[in-house]
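The values are calculated or read from the model by the stated rules, or taken from the named source; none is laboratory data. None of these values were measured; they are calculated from a predicted model. Here the Cβ positions follow ideal geometry from the backbone for every residue, glycine too, while neighbour counts run over all protein chains shown.
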Amino acid sequence: MWSERTSRQSALLHDMMEQVDVDLVNAGKQPLGLQLERAVRACFFCRHGKECREWLDGSHRTRENAPEFCPNRSFFSAHRRQSTTVRHATSDPGRPIRRQVH
């Protein structure tokens, strides 16, 4: 039971962090990684696993923020990757190129 739940919740956390573009490296560098550890624990004990999977698999995937029911919504928002949009002279003028800013 625990290993199944651990696998399921770990997959949800991973997928959500990818969806909302969390900078995991920098999130883990916070004092002793405690914020990240709390986020992992909050996800493990979250009772919205079904809703989370539906949100990730559904049309909501275009959203940039985690859903309202997510206990890690503020953590994800605080640790999103910083990105900028720039245009190169040689690139298609209508197509922005995204660069990560660290």
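As a summary of the residue check, Arg80 satisfies the conditions (1) surrounded by 13 or more Cβ atoms within 10 Å (Cβ to Cβ); (2) modelled with pLDDT under 50 except for the one numbered (2). May I ask you to verify whether Pro67 is modelled with pLDDT of 90 or more and outside any helix (DSSP H, G or I)? So Pro67 fits the description; yes.
Filter region 1-34 down to the residues that are loosely packed, with under 11 Cβ neighbours inside 10 Å, of a type outside the set (Gly, Ala, Ser) and either outside any loop (DSSP other than H, G, I, E, B) or within 10 Å of the chain's Cα centre (by Cα) (or both) and list them by number. Write out each step before concluding.
Step one: filter region 1-34 for residues loosely packed, with under 11 Cβ neighbours inside 10 Å, giving 1-4, 7, 25, 31-32, 34.
So of that shortlist, the ones also of a type outside the set (Gly, Ala, Ser) come out as 1-2, 4, 25, 31-32, 34.
Residues satisfying the conditions are Trp2, Glu4, Val25, Pro31, Leu32, Leu34.
Going by the conditions given, is Glu37 under 21 Å from Ala78 (Cα atoms) and in a helix (DSSP H, G or I)? So Glu37 fits the description; yes.
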